[in-house]
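Undergrad: Got a structure for you, written out below as structure tokens; questions coming shortly.
The values are calculated or read from the model by the stated rules, or taken from the named source; none is laboratory data. Keep in mind that what you see is a predicted model, and the values were worked out from it rather than measured. Counting neighbours? That spans all protein chains shown, and the Cβs are built from the backbone with ideal geometry, glycine included. Note: accessible area is taken over every heavy atom of the protein model, side chains too, but ligands, DNA and RNA are not part of it. Shrake-Rupley method; radii C 1.70, N 1.55, O 1.52, S 1.80 Å.
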Amino acid sequence: MAIGFSSLIGAMAGFFFLIVLGLYIYGALAFMTIAKKLKCDKPWLAWIPIANLFLIPILAKKYWAWGFILLVPIVNIVFFFIWMWNIYEQRNYPGWLSLVPLLGFIPFIGIFVSLANLIILGFVAWKDR
């Protein structure tokens, strides 16, 4: 009985790890593509954990050191949305699309909002307007 339960936990942990790894790769590819299309000289920053936070202000045409503000709770949310709005507009997409993740606070639609946000990020990265 204990072996079966621990196997189930291990399988679930492995599945969760694969999901997280897939999301990380997708996000890194998307931000690297956006960086290349916005003529950023360091698109590889999208692949480095923590350093990828500094890519967001760079893409928003801010000084890289502003990335430290993304390490400050609550304030980071405001700046993240402002900078993503700027990035979306630079790619000729409506800036308000950056606010879609805020809808995740509405009960029962959080998973759909997460999927919508991934789709929007993909469009911004790979579909030119």
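Undergrad: Specify, per residue and in Å³, the volume enclosed by the convex hull of the alpha carbon atoms belonging to the stretch 31-86. Mind dumping the intermediate values first?
TA: Details: hull volume 3.7 nm³, N = 56.
Expressed per residue, the convex hull around the Cα atoms of the stretch 31-86 is 67 Å³.
Undergrad: Which percent of the accessible heavy-atom area of the chain goes to carbon and sulfur, probe 1.4 angstrom?
TA: Percent of accessible area from carbon and sulfur atoms in the chain: 80.
Undergrad: Continuing with this model, one more query. Output wanted: per-residue J couplings in Hz (rounded whole) for the stretch 96-111, from phi through Karplus 6.51 cos²θ - 1.76 cosθ + 1.60, θ = phi - 60°, x for Gly and Pro.
TA: 4, 4, 5, 8, 3, x, 5, 5, x, 7, 7, x, 6, 10, x, 5
Undergrad: At a threshold of 8 angstrom on Cα-Cα distance, excluding pairs fewer than six apart, so keeping six or more, what relative contact order does the chain reach in percent?
TA: About 17 percent, as a whole number.
Undergrad: Can you give the FRET efficiency to the nearest 0.05 for PHE5 and VAL78, using r as the Cβ-Cβ distance and R₀ = 41 Å?
TA: With a Förster radius of 41 Å, E is 0.40.
Undergrad: Compute the longest continuous run of the chain that contains no exposed chymotrypsin sites (Phe, Trp or Tyr not before Pro); treat a site as exposed when its DSSP state is not H, G, I, E or B and it has at most 12 other Cβ atoms within 10 Å. Walk me through the intermediate numbers first.
TA: Values: sites that count: TYR63, PHE108.
No qualifying site falls inside 1-62, the longest such stretch.
Undergrad: Largest first and in whole Å, give the semi-axes of the chain's equivalent ellipsoid, each being the square root of 5 times a Cα gyration tensor eigenvalue.
TA: That gives 30, 17, 15 Å for the three semi-axes.
Undergrad: Now, a different point. Evaluate 2.2 N^0.38 Å with N set to the residue count of the stretch 1-69, then give the Cα radius of gyration divided by it.
TA: Details: Rg = 17.5 Å, N = 69, 2.2 N^0.38 = 11.0 Å.
With N residues counted in the stretch 1-69, Rg over 2.2 N^0.38 Å equals 1.59.
Undergrad: Leaving out ligands and nucleic acids, and using a 1.4 Å probe, what accessible area per residue does the chain come to in Å²? Walk me through the intermediate numbers first.
TA: Working: 8420 Å² over 129 residues.
Per-residue accessible area for the chain comes out at 65 Å².
Undergrad: Can you tally the net charge around ILE120? Count Lys and Arg as +1, Asp and Glu as -1, for every other residue whose Cβ sits under 14 Å from the Cβ of ILE120.
TA: Net charge around ILE120: +2.
Undergrad: Another question, then. Pop the C-beta distance of ILE48 and ILE106 into the FRET formula with R0 = 35 Å and round what comes out to the nearest 0.05. Before the final figure, lay out each step's value.
TA: Numbers: r = 33 Å, r/R0 = 0.95.
Between ILE48 and ILE106 the formula returns 0.60.
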